[in-house]
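Here the structure comes first, spelled out in structure tokens, and everything after it is commentary.
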Amino acid sequence: NSKVIQTPRYLVKGQGQKAKMRCIPEKGHPVVFWYQQNKNNEFKFLINFQNQEVLQQIDMTEKRFSAECPSNSPCSLEIQSSEAGDSALYLCASSLRQDSDYTFGSGTRLLVI
Amino acid sequence: GEQVEQRPPHLSVREGDSAVITCTYTDPNSYYFFWYKQEPGASLQLLMKVFSSTEINEGQGFTVLLNKKDKRLSLNLTAAHPGDSAAYFCAVSAATNAYKVIFGKGTHLHVLP
């Protein structure tokens with residue numbers, strides 16, 4: 001059982017709809033990452049946080065996603081207007097430090113129809 | 001930026017045989033290396049984290065070799081068994097951008113009984 005909890009496990013949305021997923025990092029881990037794993041198993045880094053602050057994010061995330069990691073609440077990643085190409089497994093990971101090994105959640109599998 | 005190439009994409013071996021998966025990377029200053037195992041529908045499970053100072057790393061049933069001169073990281077399962085069937089991913093922490101790691105595209109290992 002993963003110590004990083006992601007919900008929901010599966011998410012089905014129509015094109016243009018919002019899609020929101022959540023992540024509870026491992027207790028005591030201030031660093032949180034979001035990755036997208038596509039059907040070819042390729043990982044795309046989306047965004048990372050240290051505590052509540054965004055450290056880095058890619059262009060796509062900045063333009064189309066809304067993400068936050070509030071204190072005492074789950075982190076969240078929300079696609080503002082889903083596209084078919086967003087269908088993927090979204091993995092959240094947390095770590096103690098930026099150079100530590102990550103603990104991954106089980107992921108949220110998004111299908112955009 | 002850092003690029004990671006993983007080979008082979010698919011690998012089938014007989015039970016008891018060895019299985020070798022290799023990743024090459026481009027940034028000579030990379031200093032943390034990871035191997036993950038992903039079973040179908042499951043999250044990423046950390047097999048081993050390797051520091052750039054250690055060339056030979058022994059795990060349970062596998063060995064990880066790091067050749068810094070050739071910028072090559074390999075995972076060698078010494079006597080594969082059906083439970084090893086999964087996707088394996090290498091990941092490299094880019095020294096110039098330490099807040100994220102770069103993943104290989106994965107190797108689907110199938111161990112035949």
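Name the strands (runs of 3 or more DSSP E) wholly within region B:49-113 that hold at least 3 residues that are touching a Lys or Arg at 6+ places or on another chain (Cβ under 8 Å)?
Answer list for region B:49-113: B:86-93, B:107-112.
Can you pull out the residues in region A:11-48 that are away from every other protein chain (no Cβ under 13 Å), touching a Ser or Thr at 6+ places or on another chain (Cβ under 9 Å) and not in a loop (DSSP other than H, G, I, E, B)?
The answer is A:Leu11, A:Lys13, A:Ala19, A:Lys20, A:Met21, A:Arg22, A:Ile24.
Which numbered condition trips up B:Tyr31, out of (1) within 14 Å of the chain's Cα centre (by Cα); (2) more than 15 Å from B:Val13 (Cβ to Cβ); (3) of a type in the set (Phe, Trp, Tyr)?
For B:Tyr31, the exception is condition (1).
Just need a number here: residues in region A:87-113 that are of a type in the set (Val, Ile, Thr) and over 13 Å from A:Val12 (Cα atoms).
Residues in region A:87-113 being of a type in the set (Val, Ile, Thr) and over 13 Å from A:Val12 (Cα atoms): 1 in total.
If you take the residues in region B:32-48 that are facing another protein chain (nearest Cβ under 8 Å) and in a loop (DSSP other than H, G, I, E, B), which one is surrounded by the most Cβ atoms within 10 Å (Cβ to Cβ)?
B:Ser43
Got a sec? Which of A:Gly16, A:Gly85 is surrounded by fewer than 21 Cβ atoms within 10 Å (Cβ to Cβ) and on the phi > 0 side of the Ramachandran plot? Write out each step before concluding.
Numbers: A:Gly85 fails: on the phi > 0 side of the Ramachandran plot.
Of A:Gly16, A:Gly85, the one residue that is surrounded by fewer than 21 Cβ atoms within 10 Å (Cβ to Cβ) and on the phi > 0 side of the Ramachandran plot is A:Gly16.
From the list A:Arg22, A:Arg9, which residue is surrounded by fewer than 21 Cβ atoms within 10 Å (Cβ to Cβ), under 30 Å from B:Glu5 (Cα atoms) and either under 11 Å from the mean Cα position of the chain (by Cα) or charged (D, E, K, R) (or both)?
A:Arg9
Going through region A:92-107 one residue at a time, which ones are of a type outside the set (S, T, N, Q), in contact (Cβ under 8 Å) with a residue 60 or more places away in the chain and at negative phi?
Within region A:92-107, A:Cys92, A:Ala93, A:Leu96, A:Arg97, A:Tyr102, A:Phe104, A:Gly105 meet the criteria.
Each value in this text was obtained by applying a stated rule to the coordinates, not by laboratory testing. Note that the structure is a prediction, hence the values are computed from the model and not measured. Don't worry about glycine lacking a Cβ; one is built from the backbone with ideal geometry, like all the others, and counts go over all protein chains shown.
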